[in-house]
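The structure appears right after this line, and notes come after that.
Each value in this text was obtained by applying a stated rule to the coordinates, not by laboratory testing. The model shown is predicted, which means the values in this text are computed figures rather than measured ones. Using ideal geometry, Cβ is built from the backbone for each residue, glycine included, and neighbour counts are taken over all protein chains shown.
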Amino acid sequence: MFEQVEDYPVDPIMIGADYFAADPRKDKLNLTVGIYQDAHGQTPVLEAVKLAEQKLVETQTSKSYLALTGDADYCRVLGHEIMGDAFDEGWVSAQTSGGAVALRVMADLLAQMPNPPTVWLQTPTYGNYVPILTAAHARFAQVQYYDRLAAQITFDQMLEGLKAARAGDVFLMQGVCHNPTGADMTAGQFDALLDLLEARGIVPWIDLAYLGFARRWAADCAMARKIAARFPECIVCITLSKSFGIYRDRAGAAFVKTRAGDRDRMHRAVSAIVRSSASHAPDHGPSVVRTILQDDSLKRLWLDDLDRMRARVAGVRQQIVETERTLLGTNQLAFTGNQSGMFSLLPLTDAQETALTRDHGIHVVKGGRVNVARLGADDITKLIVAISDVTYAK
């Protein structure tokens, strides 16, 4: 029977990790997987997380199932933390196993509607969106967001592309620290985008994965708060893997704002979709998050660590710019200093990208995505020299 199974597309991030593992060179450099690392190459457990875990061990009284939509207190606390005063009882919320499951729940819901909307995507964008939407049999289309070789947002092209959307369609966008480009819209561009979405009746769907890595936590929530306050219908998905450093503990959520008459039906729909797939979300990571957000001293500790992580990534970006200028007298990577978050797209052709790995042992995600958070001081020099070599090679 199983000989009938067809080949599935391989995730470019995972295959990149496999290629790195198979590379025998000792001086190879892995810039593929999207995790934060400190200056020593470690992904630390935050102090607030450790203290919250200890508190849970001492106080938790049951490991019984929660509701299909998870811990209502976790959803309420997190919703208020992200959306502020725009979050009230009118939202349908679900605790999920990270952000990918939140995205899949919403993709399933949209695909199962009698008249399914088209989900419009930025391109390039997060590599798992298309597989998730495809697996859910959801309709989707793409609009140009970023020019890799020019290293700049193609904002006017994006707006022009969205003019093909129908009322009731959905625009799936990322919040701060755009993955994979690192290039975020300005506040003015974001407002112009919301004007267009509102005028054309397009429902905004924002995916938040890197809150606290662009400016500060509260400032990075501003995009979601604007959407939540302005639109009668919207979708907010979140993963807390990066913001709390709890990658393996799978803490996420999906929030849906609906009109009053649709809320009970929406809650039943979300519950049914969760039941038919993940059934119940894991609770350890979300309980850690809830404990931190409800304890003022733990929250201060966490925000301090989050600020330090953000400052390290921003510092690496500035080191890239300054090292290139000092070492080579060029500004080929100057754009990275104006970007935010862990990722940037190298302005390389496919052939140059191949040469980067083949000749220099620098492994990147196909398409040129690099995780700058994984760069140490020596790595920065190695990367700059290698990029110069593959770019100007005759």
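Taking all C-alpha pairs of region 138-186, those more than 15 Å from each other amount to 49 percent.
The lysine pair count for region 47-298, using Cα distances under 28 Å and pairs eight or more places apart or on different chains, is 10.
For the chain, a simple Cβ point-charge model (Lys and Arg +1, Asp and Glu -1, everything else neutral) yields a dipole of about 160 debye relative to the Cα centre.
When the Cα positions of V130, G79, A100 are compared along the charge dipole of region 47-298, V130 comes out farthest toward the positive end, with charges on each C-beta of Lys, Arg, Asp and Glu.
Note on region 291-350: Rg/Rh from C-alpha atoms, Kirkwood Rh, equals 1.21. Computed from the C-beta positions of I35 and V130, the FRET efficiency with R₀ = 22 Å rounds to 0.50. Sparse packing (at most 10 other Cβ atoms within 10 Å of the Cβ) combined with a DSSP loop state is found for the following trypsin sites (Lys or Arg not before Pro) in region 1-110: R25, K26, K63.
From the coordinates of this entry, Rg and Dmax of the Cα atoms in Å is computed, and it appears in (i) 21.4, 64; (ii) 21.3, 67; (iii) 21.2, 80 under the label (ii). Applying 0.36 nm per residue to the separation of E233 and V385 and subtracting their alpha-carbon distance, the gain on full extension is 49.8 nm.
Among I246, I380, the ranking by other beta carbons within 10 Å of each residue's beta carbon, starting with the fewest, stands as I380, I246.
The chymotrypsin sites (Phe, Trp or Tyr not before Pro) found in region 53-97 that occupy coil by DSSP, while having at most 10 further C-beta atoms within 10 Å, are Y65.
All C-alpha pair distances within region 167-231, sorted into 10 Å bins from zero, spread as 21, 56, 22, 1 percent across the bins.
In terms of other Cβ atoms within 10 Å, M266, M223 run from fewest to most in the order M266, M223.
Spread over its residues, the convex hull of the C-alpha atoms of region 199-284 is 120 Å³ per residue.
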